[in-house]
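J.: Just dropping this structure here.
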Amino acid sequence: MAEAYIVAVARTAGGKKGGKLAGWHPADLAAEVLDALVDRAKCDPAQVEDVIMGCVMQVGEQAVNVARNAILASKFPESVPGTSVDRQCGSSQQALQFAAQAVMSGTQDIVIAAGVESMTRVPMGLSASLPAKNGFGFYKSSRLEARYPGIQFSQFLGAEMMAKKYDISKEELDDYALGSHRKAIAATHAGAFADEIVPVEITTPDGTKEMHSVDEGIRFDATLEGIRNVKLLAEDGRVTAATSSQICDGASGVLLASEAGVKALGVKPLARIVHLSVIGHDPVIMLEAPIPASKRALKKADMRIDDIDLYEVNEAFAPVPVAWLRELNADPARINVNGGAIALGHPLGASGTKLMTTLVNALQKRGKNYGLQTMCEGGGLANVTIVERL
């Protein structure tokens, strides 16, 4: 089978809810990433054969095929097509895998996988609540209700279920959250994100212009005491807002190419796709799927966890990476080495290619070979992608 290579990666710095990216229409924000990718690869935009873009809340400003709208808002010609993907939080990781499959099949040579989510302008849950409020029904059908009677599919409940199932204490979750911030702080101060972030112009409250290039969610003054004192999300629970991913605005993308595409571009690839897969799991606990998904992926790739130098496991909630580390018998020093979504934010549909951007960049900077990315997804799903630095 033909190889798929990652040629360029890019992401915006995260913006907090109502924060620095709140003034950006998501199509325009995604367009900034598309333009940056072709610039970094020295690629004529007309060479791009498709743009596959992850987005979860595909309503309002993110409706009517946001991928195509981002293309039309960019410097790309009208000849470049685009399609939008929803695999919940794994939407742009799935976009990456679809793009890789297109390249590996030989049907296309240069494809962009990307993601965007403005959680400020298109709030989480809007795609389900808005139709219901306006008399257009609810996503849970009668047959689905019959199979899961009275069950509320909730990531928040799933996080608590994970903590209890794997006997993870609140204190352990708090410690993990502090570590996420500390790693993100260290990475920011060391300039570790400089090569991956696309600065975008913003207007400050006083009307001045500046470039947004630092992840807004990082708490540079984070302390364990402060995290410990955050109120529990449920009275008898263990998870708090401090041990959960932050609502975030952002866009990200990865440019993939076949061997012929790499030659046409005349660039040295950053990484090679080694493995890609996706599984379905229990939709009630919902967030557990990365564990069996990663075990299966390693087996299919004929690799051991010790063969993987760096892991990006999305920090939707702290119980997810903590349980993953335990069940995979993985090295805690290799996970989310530049911080994760607890500190950097989780812009839903953009997080997949955001994590891959950070993973590839970290492999390059640290001179490491193999990286594994996985994330929990609504409905009890998980994607796994393994890459090799070149």
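The values are calculated or read from the model by the stated rules, or taken from the named source; none is laboratory data. For clarity, every value in this text was computed on a predicted model and none was experimentally measured. Cβ coordinates were reconstructed from backbone atoms using ideal geometry, including for glycine residues, and neighbour counts include every protein chain displayed.
J.: Would you confirm, using the coordinates I've provided, whether Ala132 is over 18 Å from Gly378 (Cα atoms), loosely packed, with under 14 Cβ neighbours inside 10 Å and of a type outside the set (S, T, N, Q)?
T.: Yes, satisfied.
J.: Among Met104, Met53, Met57, Met124, which is the only one that is surrounded by fewer than 19 Cβ atoms within 10 Å (Cβ to Cβ) and under 18 Å from Lys354 (Cβ atoms)?
T.: Just one listed residue meets the conditions, Met124.
J.: Then there's this: Here is a list of conditions, (1) assigned to a helix (DSSP H, G or I); (2) crowded, with 24+ Cβ neighbours inside 10 Å, and Glu288 meets all of them except one; can you say which number that is?
T.: The single condition Glu288 does not satisfy is (1).
J.: Ok, one more. On the given criteria, is Ala341 crowded, with 17+ Cβ neighbours inside 10 Å, farther than 23 Å from Arg182 by Cα, among the aliphatic types (A, V, I, L, M) and at pLDDT 95 or above?
T.: In short, no.
J.: Now a separate question. Can we say Ser74 is modelled with pLDDT of 95 or more, hydroxyl-bearing (Ser, Thr, Tyr) and crowded, with 21+ Cβ neighbours inside 10 Å?
T.: yes
J.: Okay, next question. Could you grab the pairs with beta carbons closer than 6 Å, sequence gap of 6+ or different chains, first residue in region 146-172 and touching a residue at least 60 places away in the same chain (Cβ under 8 Å) and assigned to a helix (DSSP H, G or I), second one charged (D, E, K, R) and buried (at least 19 other Cβ atoms within 10 Å of the Cβ)?
T.: Hits for this filter: Ala163/Arg238; Lys170/Arg238.
J.: Would you mind telling me which numbered condition in (1) under 27 Å from Cys376 (Cβ atoms); (2) aliphatic (A, V, I, L, M); (3) modelled with pLDDT of 95 or more Ala190 fails?
T.: Answer for Ala190: the failing condition is (1).
Per-residue answers, yes or no, for (1) under 20 Å from the mean Cα position of the chain (by Cα); (2) closer than 15 Å to Val200 by Cβ:
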| residue | (1), (2) |
| --- | --- |
| His25 | yes, yes |
| Ala31 | yes, yes |
| Lys42 | no, no |
| Val51 | yes, no |
| Val56 | yes, no |
| Gln62 | yes, no |
| Asn69 | no, no |
| Ser74 | no, yes |
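J.: Here's a follow-up. From Asp302, Asp282, which residue is part of a loop (DSSP other than H, G, I, E, B) and either without any contact (Cβ under 8 Å) to a residue 24 or more places away in the chain or in contact with a Leu (Cβ under 9 Å, 6 or more places away or on another chain) (or both)?
T.: Asp302
J.: Please go through (1) more than 20 Å from Leu270 (Cβ to Cβ); (2) crowded, with 22+ Cβ neighbours inside 10 Å for Glu327 and return the number of the only condition it doesn't satisfy.
T.: Looking at each condition in turn, Glu327 falls short on (2).
J.: Also, I was wondering about something else. What is the number of the single condition among (1) surrounded by 24 or more Cβ atoms within 10 Å (Cβ to Cβ); (2) under 18 Å from Leu363 (Cβ atoms) that Ile305 does not meet?
T.: Here Ile305 clears every test but (1).
J.: Here are Ala102, Ala70, Ala30, Ala63: which of them is aliphatic (A, V, I, L, M) and over 19 Å from Thr120 (Cα atoms)?
T.: Only one candidate passes the filter, namely Ala102.
J.: Quick one: how many residues across region 223-254 are under 17 Å from Ser169 (Cβ atoms) and either surrounded by 21 or more Cβ atoms within 10 Å (Cβ to Cβ) or touching a residue at least 12 places away in the same chain (Cβ under 8 Å) (or both)?
T.: Counting residues in region 223-254 that are under 17 Å from Ser169 (Cβ atoms) and either surrounded by 21 or more Cβ atoms within 10 Å (Cβ to Cβ) or touching a residue at least 12 places away in the same chain (Cβ under 8 Å) (or both) gives 14.
J.: Of the residues that make up region 13-34, is at least one β-branched (Val, Ile, Thr) and either touching a helix residue (DSSP H, G or I) at 6+ places or on another chain (Cβ under 7 Å) or surrounded by fewer than 24 Cβ atoms within 10 Å (Cβ to Cβ) (or both)?
T.: No, region 13-34 contains no residue that is β-branched (Val, Ile, Thr) and either touching a helix residue (DSSP H, G or I) at 6+ places or on another chain (Cβ under 7 Å) or surrounded by fewer than 24 Cβ atoms within 10 Å (Cβ to Cβ) (or both).
J.: Filter region 308-324 down to residues that are assigned to a loop (DSSP other than H, G, I, E, B) and among the charged types (D, E, K, R) and give me whichever is surrounded by the most Cβ atoms within 10 Å (Cβ to Cβ).
T.: Within region 308-324, the match that is surrounded by the most Cβ atoms within 10 Å (Cβ to Cβ) is Glu315.
J.: Restricting the search to region 255-268, which residues are buried (at least 21 other Cβ atoms within 10 Å of the Cβ) and over 13 Å from Cys43 (Cα atoms)?
T.: Ser258
J.: Are any residues in region 331-378 farther than 26 Å from Thr240 by Cα, part of a helix (DSSP H, G or I) and either of a type in the set (Gly, Ala, Ser) or in contact with a Phe, Trp or Tyr (Cβ under 7 Å, 6 or more places away or on another chain) (or both), and if so, which ones?
T.: Hit for region 331-378 is Ala362, nothing else.
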